[in-house]
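Below: one structure, written as structure tokens.
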């Protein structure tokens, strides 16, 4: 397999292209009036935006990128902040999904959640609040 493909429905193509161009650090390889395609080599991802009249975000949980280190988490956070995308939730040294992780969360224009995370080690517990450790909707923050 060369690429994972995700087709995401969006309500505002221009805002979504702007957001995902910042998130991915690149521009789309194809843009049409109702469609945009990003093709990332690392990670291998064919990511498309499909314009719809209405969507309700986060129907599939969340998206994320697992990185190699805490320093890489911080570098992505700084890069996104410099491009105008602010981390809405920071969780460093947190236990979630049977792992100790450093991560931060952001939301796209339609409310889909993205995490950028580094797994420090596997653990035997799911998390302090196991039913919501991977769902930012249940985490409160003044930054939201």
Checklist entry - Which residue out of 122, 108 is at pLDDT below 95 and more than 29 Å from residue 9 (Cα to Cα)? => result 122
Next on the checklist: Looking at the range 32-52, I want the residues that are farther than 12 Å from residue 7 by Cβ and have a partner that is exposed (fewer than 11 other Cβ atoms within 10 Å of the Cβ) with Cβ atoms under 9 Å, at least 6 apart or on another chain. Which pairs are those?
Outcome noted: 39/30; 44/1; 44/2
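Quickly run through the range 8-22 and pick out the residues that are under 16 Å from the mean Cα position of the chain (by Cα) and either modelled with pLDDT of 95 or more or assigned by TED's automatic domain parsing to the domain that holds residue 77 (or both). Quick ask: steps written out before the conclusion?
Looking only at the range 8-22, we keep the residues that are under 16 Å from the mean Cα position of the chain (by Cα), and these are 8-10, 15-22.
Residues satisfying the conditions are 15, 16, 17, 18, 19, 20, 21, 22.
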Checklist entry - How about the range 34-64: which of its residues are within 13 Å of the chain's Cα centre (by Cα), assigned to a loop (DSSP other than H, G, I, E, B) and surrounded by 15 or more Cβ atoms within 10 Å (Cβ to Cβ)? => result 57, 58, 62
Checklist outcome for this item: Note on the range 1-19: residues part of a helix (DSSP H, G or I) and in contact with a strand residue (DSSP E or B) (Cβ under 6 Å, 6 or more places away or on another chain) are 13, 16, 17
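The values are calculated or read from the model by the stated rules, or taken from the named source; none is laboratory data. Source: prediction; values computed, not measured. All Cβ positions, even for glycine, are placed from backbone atoms using ideal geometry, and neighbour counts span all protein chains on display.
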